[in-house]
Amino acid sequence: MSYVVLARKYRPRSFAQMVGQGHVVQALSNALTQGRLHHAYLFTGTRGIGKTTVSRILAKSLNCTGPDGSGGITAEPCGVCQACTEIDADRYLDYIEMDAASNGGKDEIKDLIERAAYKPGMGRFKVFMIDEAHQLSKDAFNALLKTLEEPPDYLKFVLATTDPEKVLPTVLSRCLQFNLRPMAPQTVREHLQRVLEAEGVPADAGALRLLGRAARGSMRDGLSLTDQAIAYGGGRLQEDVVRTMLGSVDRGHARRLVQALAAQDGAAVLAAVDALRGLGLSAAGTLEEMSTLLQQMAVQQAVPGALDAQDPDTEDARALADVMAADETQLLYSMVLHGREELGLMSDEYGALTMVLLRFLAFPAQGGEGRPRAAAPREPARAAPLRAPPPPAMTLPVVPLPVTRAAPARAAPASAAAPFVAAPPAPPWALETAAPAPAPAPAPAPEPEPEPARPAEAAVSVPAPSAPADAALGDRWYALVKPLCEDGTLGALTRELALQGGLVGIDGTAVPPVWRLRVERDTLRTPALRDKLAVVLADALGHAVQLELEPGVPEDTPARRDAAERQRRQAAAEAAIQSDPLVREMLAQFKTARIVPGSIKPL
């Protein structure tokens with residue numbers, strides 16, 4: 001007897017044997033049990049997931065007579081009566097399968113309709129199954145419509161397609177539609193294990209994991225690959241043999257590439273690609289393995305502990321989840337996923353792979369250069385007064401002055417009273433959040449006398465992390481990191497850490513000096529980003545620094561200063577437009593004219 005391939009030998013013969021399609025099995029079983037039968041069914045889904053199999057089981061359920069010949073319609077066909085055995089053997093006269101890919105013309109459908117005029121010769125129902133129904137021509141669909149809508153009582157239609165979008169809406173509306181789902185790799189792996197145990201073929205867990213993933217949701221593909229692996233491995237399935245057969249890339253190569261990219265180490269990336277070239281491993285397989293690893297890393301970052309600790313494939317993902325920030329993981333995943341489409345555009349696939357990977361290293365610099373710089377020339381004019389040493393009055397948490405009064409204080413700092421001299425170094429956002437009390441200038445004049453006694457109090461309160469951010473520290477931090485962000489030295493998340501962090505203290509007695517940054521976002525307070533920023537700061541300062549990141553909401557950050565400056569420029573631009581004589585004249589002349597909100601942008 002000739003060999004029967006596993007996909008045919010282990011094709012399910014009943015609903016109970018179906019794997020991974022419980023929603024379809026339950027719906028059809030209930031309909032058969034209750035006698036609520038539709039005249040036309042449409043099964044959709046990717047290849048090899050059971051569309052034809054479900055059709056055959058449904059035909060057996062409709063025509064089964066039971067072992068003793070007295071059975072009726074049932075959700076559990078006996079498998080031994082004439083209808084069951086002949087449908088399984090594909091020779092039942094009242095069950096007709098037609099492949100629309102090769103018989104999709106109008107003439108074939110007319111012939112099918114003519115056969116529908118005759119009652120079943122053996123069973124209760126005639127069942128016409130049209131596979132790949134989306135390939136029927138438009139004329140064939142139109143010829144089928146009337147019979148499909150009002151078939152004889154003894155006729156049932158079953159249509160199967162991998163592309164329901166190409167089926168005419170008039171056909172879809174006449175069918176009861178079921179969508180068969182792609183199967184999870186674990187479901188495929190478990191079924192393959194049962195099949196191999198029945199066949200007496202030894203297989204290790206690693207080989208089954210590779211086959212389950214390579215099946216891509218198709219049980220038929222999984223069984224076909226298993227047949228191939230048995231032949232390739234000489235009757236035994238081992239992970240290294242199956243990996244070679246599939247051309248899969250070992251997880252270790254993907255891990256090394258992700259580590260090199262996380263460390264911004266271009267030399268290590270090139271060395272890893274050269275190693276792949278030397279081993280002859282597939283560039284597409286490398287990107288696929290990296291995408292799987294990055295997907296697992298993203299799951300671990302979003303929901304720590306969600307990955308299956310018993311699955312060895314997740315060990316690397318759990319270890320690498322902390323070396324790369326969550327948004328960097330998403331960015332690299334997107335680049336790797338779309339990079340597979342570019343491999344065929346270059347004669348050297350490893351060269352294309354190199355470009356896909358180096359794009360991640362170049363992206364932060366491009367992001368830094370692409371940031372708006374229109375406000376850069378104006379920064380010194382705003383920041384210069386802030387660099388003045390803050391007087392003791394700056395220990396007060398809130399300066400009770402509105403923003404509009406800060407300018408006169410800057411104009412005459414020598415003649416202003418001491419409490420008002422403290423106003424210019426205050427961050428604009430502190431002034432905006434403070435209640436704008438009238439605070440007449442002569443009233444606080446007597447207060448400067450007790451101020452000399454405050455330096456000791458200020459010295460005592462400096463180490464307290466809850467104290468408001470020192471403007472001098474804010475000035476120093478802004479002047480240090482802003483140029484680094486604009487010239488591309490800092491990129492991606494490292495730049496965000498510098499912009500969103502507030503400098504709250506410097507311990508110059510330590511070696512190296514300790515700089516304390518207060519950072520609100522948990523995703524920015526990572527050792528990897530801290531170390532990257534420390535290296536860049538050391539180059540800029542000319543000496544090593546040690547960064548300490550503490551949780552909390554900083555009061556003074558470069559990002560807040562930039563936002564305040566943008567708001568100020570926006571308000572000035574809107575005020576200039578509103579007060580422009582020509583604009584006011586036009587508004588007065590045209591009663592329905594108005595200034596569209598949000599249309600005013602500062603130059």
Using θ = phi - 60° and Karplus 6.51 cos²θ - 1.76 cosθ + 1.60, couplings along region 195-201 (whole Hz; Gly, Pro as x): 5, 5, 5, 5, 7, x, 9
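How much FRET efficiency would the formula 1/(1 + (r/R0)^6) give for SER347 and LYS166, where r is the Cβ-Cβ distance and R0 is 30 Å, rounded to 0.05? Can you show the working numbers first?
Values: r = 35 Å, r/R0 = 1.17.
Taking R0 as 30 Å, the efficiency between SER347 and LYS166 is 0.30.
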Could you work out how much longer the chain between GLN193 and TYR3 gets when fully extended? Use 0.36 nm per residue separation minus the Cα distance between them, nm to one decimal. 66.4 nm
Karplus couplings for region 340-349 from phi (6.51 cos²θ - 1.76 cosθ + 1.60, θ = phi - 60°), rounded to Hz, Gly and Pro as x? 4, 6, 8, 4, x, 7, 10, 5, 9, 5
Name the long-range amide H neighbours of PHE43: under 5 Å, sequence gap of 5 or more, or other chain; modelled H, no Pro or chain starts. LEU159, ALA160, THR161, PHE178
From fewest to most C-beta neighbours within 10 Å, the residues ASP204, ASP94 line up as ASP204, ASP94
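My understanding is that a pair violates if its Cα-Cα distance is over 18 Å; which of LYS60/LYS106; LYS60/LYS146; LYS60/LYS126; LYS9/LYS126; LYS119/LYS156 do that in this structure? Could the numbers behind the result be given before it?
On the way: LYS60/LYS106 29 Å; LYS60/LYS146 26 Å; LYS60/LYS126 11 Å; LYS9/LYS126 26 Å; LYS119/LYS156 12 Å.
From the list (LYS60/LYS106; LYS60/LYS146; LYS60/LYS126; LYS9/LYS126; LYS119/LYS156), the Cα-Cα distance tops 18 Å for LYS60/LYS106; LYS60/LYS146; LYS9/LYS126.
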Using each residue's phi in region 491-503, evaluate 6.51 cos²θ - 1.76 cosθ + 1.60 at θ = phi - 60° and report the 3J(HN,Hα) Karplus result to the nearest Hz, with x for Gly and Pro. x, 6, 6, 4, 5, 5, 4, 5, 6, 8, x, x, 6
Could you list which residues have their amide H under 5 Å from that of MET98, counting only those 5 or more apart in sequence or on another chain, with H placed in the peptide plane? MET129, ILE130, ASP131
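Among MET346, MET219, rank each residue by its count of other Cβ atoms within 10 Å, from fewest to most, as a rough exposure measure. Walk me through the intermediate numbers first.
Details: MET346 14, MET219 27.
The order, fewest Cβ neighbours first, is MET346, MET219.
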Rounded to a whole number, the Stokes-Einstein D of region 251-369 in µm²/s (Kirkwood radius over Cα pairs; 25 °C; 0.890 mPa s) is 170
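Given a Förster distance of 60 Å, report the FRET efficiency between LYS119 and TYR232 from their Cβ-Cβ distance, rounded to the nearest 0.05.
Numbers: r = 51 Å, r/R0 = 0.85.
With R0 = 60 Å, the Cβ-Cβ based efficiency is 0.75.
Across region 7-179, how large is the tail of the calculated P(r) beyond 29 Å, expressed as a percent of all Cα pairs?
Numbers: 2157 of 14878 pairs.
The answer is 14 percent, as a whole percent.
If each residue's Cβ is checked for other Cβ atoms within 10 Å, how do THR161, THR557, THR509 rank with the fewest at the top? Numbers along the way, then the final one.
Numbers: THR161 22, THR557 27, THR509 7.
In order of increasing Cβ crowding within 10 Å: THR509, THR161, THR557.
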Given Cβ charges of +1 for Lys and Arg and -1 for Asp and Glu, the option among ALA16, VAL80, SER55 whose Cα lies farthest towards the positive end of the dipole of region 7-179 is ALA16
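Need the full-extension length gain, ASP308 to ALA544, defined as separation in residues times 0.36 nm minus the C-alpha distance. One decimal, nm.
In short, 80.8 nm is gained.
Rounded, prolate or oblate: which one fits region 114-198, using the alpha carbon gyration tensor with axes a ≥ b ≥ c (rounded when a/c is under 1.5, else prolate when a/b beats b/c, else oblate)?
It comes out oblate by the Cα gyration axes.
Just so you know, all these numbers are worked out from the coordinates, no wet-lab data involved. As the structure is a prediction and not an experimental result, all values here were calculated from the model. Note: ideal-geometry Cβ built from the backbone for every residue, glycine included; neighbour counts use all protein chains shown.
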